[in-house]
Every structure is written in C-alpha cells, then in structure tokens.
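Structure record follows, encoded as structure tokens.
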Amino acid sequence: MGSNSLSKISSILFSVFLLFSCSSDLNFDQVNDFKIEPVFVANLAYFNIQANRLIDDGGTNVYPDVRDFDVFKEKFFNERLKKAEFDFEVENNINRAFVLNMLLLNDQNEVLQTISFTVPSYKGTPNVIKYPTEVFENARLDLLKQTQKIGFVVVIASGPPLNSQSEGNLKLRSSATAYLVIE
C-alpha cells in the first residue's frame, strides 16, 4: 500500500508541476519575419530536328523557330523571382557542325539577349554536349523578365550538302531553375 500511495503522490506532484511550467507570451509580429525561398525546376525547351529537314546547298543556312514564353506575365512570379538558371544539353548525330543561338525576345520581337552554343559535327561517337549553366541575376535577370518569346536559330556550318536523304538529328534539351523569395 505504501508504494501505491507513493505512486499517486508522485503523479499528483508531477501534474501540479506541469501547471506551473514556463510559458511565454505569443508574439504575432513574428509573422512579419516570415520568409520562404522555394526553388522550382521545369523544362525550358526541347526540339529534335531531323537532318532531312535541314536541307541546304552546302553553305551557311539558318533554321529558325520562335515560341511564346509568357511565364513573366504573372505578377506574383515576376516580382518574387530573384535568380534563374538555364541548363542546356545538345546531341548532334549529323555529320555537320552547327551554331545554335537562343534568342530572348521582348513583346516587340526585339532581341534582348543571345545565348550561343557551338555544336561540333558527328564523328561516329556519342556527341552529347552539356553546356555551362546560364545564370540570370541582377541586370541580366531584369532583361530575362522582359522576355515574351524564345527563338532558336540553327546556323548550319559549311560542309557536304544536307538533303532529303540525310540521316541523323539535332536535339536540344534544356531546363530552367527558378529561385523565388516570398516574404
């Protein structure tokens, strides 16, 4: 009976101790210090051009492609974007070298920035090139935020003519990483 009484007394003292535990006043101003920094990764652009679509006469030619890029029309995203990174990978299975230009265009189709990639010709071995990350911060980010369209221009280097029988393809894969700050 003594250990049972001791157990009850211990439980009561512990319960009383909990009633007198420390607490602090709630500070609702802490919500003003709230800040999150989400990171989003998404596909930026992709294409796969067959060699027989790049018909040329053996000289330098251009294959253009323009796409809408209206991600910055959303005010919430535009105001909170603090940094962006673009990653590019090009695979060339055509026996020709290329220069791939990515054009960032405003709503008047004026070129804001050009990003160029030199693509070596296919020599029978895997030809996948990962280019350095393009980082957009500060003034360069401001230009990116004005972008309404992305244009791709494939400049075909001189060499043996491509025709409807030409084999291989030129692939572009790219992604964008967006860093936001929400306060």
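Derivation of every value follows stated rules applied to the coordinates shown; laboratory data play no part. In this text the structure is predicted, and so the values were computed from the model without any measurement. Glycine also receives a Cβ, built like all others from the backbone with ideal geometry; neighbour counts cover every protein chain displayed.
By a straight-distance test (C-alpha under 15 Å), which aspartates and glutamates pair with Lys123 as possible cross-link partners, with residues fewer than eight away in the same chain excluded?
Within the straight-line limit of under 15 Å, Lys123 reaches these aspartates and glutamates: Glu91, Glu167.
Rule-of-thumb check for segment 35-180: C-alpha Rg over 2.2 N^0.38 Å?
On the way: Rg = 16.9 Å, N = 146, 2.2 N^0.38 = 14.6 Å.
Taking N as the residue count of segment 35-180, the ratio is 1.15.
Tell me, what is the FRET efficiency for Ile129 and Val66 to the nearest 0.05, using R0 = 22 angstrom and their Cβ-Cβ distance as r? Don't jump to the answer; show the numbers that get you there.
Working: r = 23 Å, r/R0 = 1.06.
Here the calculated transfer efficiency is 0.40.
Go through Lys82/Lys149; Lys35/Lys130; Lys83/Lys171; Lys82/Lys171 and tell me which ones have a Cα-Cα distance over 25 Å in this structure. Present the calculation step by step, with values, prior to reporting the outcome.
Working: Lys82/Lys149 20 Å; Lys35/Lys130 34 Å; Lys83/Lys171 27 Å; Lys82/Lys171 30 Å.
With Cα atoms farther than 25 Å apart: Lys35/Lys130; Lys83/Lys171; Lys82/Lys171.
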